[in-house]
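Worksheet for the structure shown next.
The values are calculated or read from the model by the stated rules, or taken from the named source; none is laboratory data. Note that the structure is predicted; figures quoted are calculated from it, not measured. Ideal geometry is used to build each Cβ from the backbone, glycine not excepted, and the neighbour counts take in all protein chains shown.
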Ligand SMILES: Cc1ncc(C[n+]2csc(CCOP(=O)(O)OP(=O)(O)O)c2C)c(N)n1
Ligand SMILES: [Mg+2]
């Protein structure tokens with residue numbers, strides 16, 4: 001299947017159909033090959049935070065809900081087509097796969113009722129032979145030469161790894177070692193280098209570490225691989241920058257950069273590795289400084305973990321404990337909100353862990369469905385979901401799906417009784433905090449009645465804002 005490309009895993013998991021689209025987000029970044037998701041009945045509402053290489057099989061019931069699915073999905077899918085009775089079905093599927101693979105995005109097929117009952121033709125499935133080009137293109141030589149000159153002459157170069165470089169993790173780290181350059185990641189690329197690596201600085205930006213900010217600020221050259229320069233990351237455009245990306249539109253997307261290197265990231269890294277020798281004498285060895293900055297930051301994290309303002313367990317404590325206990329091969333799906341920012345800042349990734357999050361921290365509710373999608377992709381890896389109370393409440397019923405399929409998902413719910421991020425934004429804008437408090441159930445009891453194991457954290461002195469008891473819940477399907 002890895003060689004032929006167009007075959008799907010035959011396993012199927014029944015999901016509530018409204019849940020279809022969000023659950024599709026967790027599967028593809030983790031699975032080695034394309035996957036397909038689909039559900040019978042009404043169309044799912046479009047709350048989209050798609051990732052790469054999914055084919056969404058959409059089955060509208062024509063008499064109801066007459067929304068134009070081609071238009072609705074057209075903005076977010078790379079390719080969308082209705083399947084007609086007269087269509088060449090084998091070809092449509094092949095094209096859906098081709099677009100999903102080559103364009104790194106979801107394809108979408110709409111199956112009206114009358115098509116769903118047509119017996120499958122006996123012809124063999126289409127394959128990718130002669131249909132899929134290799135993507136490993138190199139870069140134009142002048143850009144490479146300019147980039148190499150900058151890299152050779154820099155005193156304090158720093159590498160920034162974005163999500164677009166995630167398939168080249170080991171090569172990117174090898175290049176950083178050759179350059180002796182500290183490695184920053186964007187939030188979405190968290191974990192691309194383990195935090196214990198002597199060149200790791202952690203995440204840059206709003207959910208990042210002071211270590212990463214320091215090394216970016218002090219650098220004289222940024223080598224940026226597969227990052228989109230979002231506001232959240234805050235890559236400083238005033239620095240000399242070499243940007244490498246396989247999508248020409250991503251290059252210099254927001255601000256002009258010094259050298260644009262268009263090419264497949266793995267190929268470009270290889271070219272750099274072939275040409276760069278040992279670090280020249282003028283280059284500052286930043287490792288000692290890096291170790292010192294980590295010491296200061298870890299001491300600060302420890303002190304924050306020790307803070308007790310009488311308002312419950314703080315997030316520094318939660319992520320300190322998780323950094324110790326989450327296994328090396330875990331997949332961690334994170335939702336959107338203050339808890340996600342804290343995860344970016346405090347959690348330390350180990351080699352082999354994979355982090356999933358909604359692009360640009362866009363869609364709350366992402367965390368738990370993405371964990372279910374990740375389980376579908378890699379059921380033997382430990383799966384964690386980290387969510388807030390608001391985000392989880394959007395898909396609470398899916399705990400039943402997890403129990404039904406005996407998914408081993410450990411869910412850590414940071415329950416602060418509010419839309420914490422929105423409260424914070426209101427305060428930052430000098431507004432009154434308005435309508436952000438939540439009415440929550442006891443999540444641990446809820447987990448238990450769904451047939452999962454629910455564990456509430458020890459009670460803390462109740463916050464003045466909430467009269468009801470609060471709980472921090474860890475829920476996973478029990479073996480019952
Ligand atoms: C679908 C969607 N609706 C609304 C928002 C805006 N939003 C961002 S964070 C947030 C609140 C998250 O609250 P919670 O899950 O409790 O996390 P906390 O910030 O409290 O940690 C909201 C409403 C969004 N990003 N996506
Ligand atoms: Mg909350």
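Restricting attention to region 140-179, the residues that are in a loop (DSSP other than H, G, I, E, B) and within 23 Å of residue 233 (Cβ to Cβ) total 3. Applying the criterion of being in a loop (DSSP other than H, G, I, E, B) and within 13 Å of ligand 2 (Cβ to nearest atom) to the residues of region 330-349, the residue that is surrounded by the most Cβ atoms within 10 Å (Cβ to Cβ) is 335. If you go through region 277-287 and pick out every residue that is surrounded by 10 or more Cβ atoms within 10 Å (Cβ to Cβ) and free of Cβ contacts under 8 Å to residues at least 12 places away in the same chain, you end up with 0. Can we say residue 450 is in the same structural domain as residue 316 (by TED's automatic domain parsing), free of Cβ contacts under 8 Å to residues at least 60 places away in the same chain and within 16 Å of ligand 2 (Cβ to nearest atom)? In short, no.
Could you grab the pairs with beta carbons closer than 6 Å, sequence gap of 6+ or different chains, first residue in region 196-216 and on the phi > 0 side of the Ramachandran plot, second one outside any loop (DSSP other than H, G, I, E, B)? Between residues of region 196-216 that are on the phi > 0 side of the Ramachandran plot and residues that are outside any loop (DSSP other than H, G, I, E, B), the close pairs are 202/211; 202/212.
Might you let me know whether region 334-342 holds any residue that is away from ligand 1 (no atom under 16 Å from the Cβ) and either in the same structural domain as residue 438 (by TED's automatic domain parsing) or touching a strand residue (DSSP E or B) at 6+ places or on another chain (Cβ under 9 Å) (or both)? Steps first, please.
The first filter runs over region 334-342 and keeps only residues away from ligand 1 (no atom under 16 Å from the Cβ), leaving none.
Scanning region 334-342 turns up no residue that is away from ligand 1 (no atom under 16 Å from the Cβ) and either in the same structural domain as residue 438 (by TED's automatic domain parsing) or touching a strand residue (DSSP E or B) at 6+ places or on another chain (Cβ under 9 Å) (or both).
The sole residue among 428, 370, 397, 385 that is modelled with pLDDT under 95 and surrounded by 24 or more Cβ atoms within 10 Å (Cβ to Cβ) is 370.
Go over the candidates 365, 391, 352 one by one and state the one that is within 16 Å of ligand 2 (Cβ to nearest atom) and on the phi > 0 side of the Ramachandran plot.
Numbers: 391 fails: on the phi > 0 side of the Ramachandran plot; 352 fails: within 16 Å of ligand 2 (Cβ to nearest atom).
The unique qualifying residue is 365.
Being out of contact with any strand residue (DSSP E or B) (no Cβ under 7 Å at 6 or more places or on another chain) and without any contact (Cβ under 8 Å) to a residue 60 or more places away in the chain is a description that does not apply to residue 185.
For region 309-321, the condition holds for no residue, the condition being that it is closer than 17 Å to residue 172 by Cβ, modelled with pLDDT of 95 or more and surrounded by 13 or more Cβ atoms within 10 Å (Cβ to Cβ).
Would you confirm whether or not region 102-109 contains a residue that is without any contact (Cβ under 8 Å) to a residue 40 or more places away in the chain, touching a strand residue (DSSP E or B) at 6+ places or on another chain (Cβ under 8 Å) and in a loop (DSSP other than H, G, I, E, B)? Within region 102-109, one or more residues are without any contact (Cβ under 8 Å) to a residue 40 or more places away in the chain, touching a strand residue (DSSP E or B) at 6+ places or on another chain (Cβ under 8 Å) and in a loop (DSSP other than H, G, I, E, B). Does region 197-211 include one or more residues that are in contact with a strand residue (DSSP E or B) (Cβ under 8 Å, 6 or more places away or on another chain), in a helix (DSSP H, G or I) and at pLDDT 95 or above? The answer is yes; a qualifying residue exists.
Among the listed residues 435, 418, 426, identify the single one that is within 12 Å of ligand 1 (Cβ to nearest atom), more than 26 Å from residue 317 (Cβ to Cβ) and over 22 Å from the mean Cα position of the chain (by Cα). Let's see the steps before the verdict.
Values: 418 fails: more than 26 Å from residue 317 (Cβ to Cβ); 426 fails: more than 26 Å from residue 317 (Cβ to Cβ).
Going through 435, 418, 426 in turn, the sole match is 435.
Under the condition of being assigned to a loop (DSSP other than H, G, I, E, B) and either in contact with a helix residue (DSSP H, G or I) (Cβ under 9 Å, 6 or more places away or on another chain) or more than 13 Å from residue 412 (Cα to Cα) (or both), the residues counted in region 316-329 number 3. Among the residues of this structure, residue 376 does not count as one that is farther than 23 Å from residue 320 by Cα, surrounded by fewer than 20 Cβ atoms within 10 Å (Cβ to Cβ) and either touching a strand residue (DSSP E or B) at 6+ places or on another chain (Cβ under 7 Å) or at pLDDT below 95 (or both).
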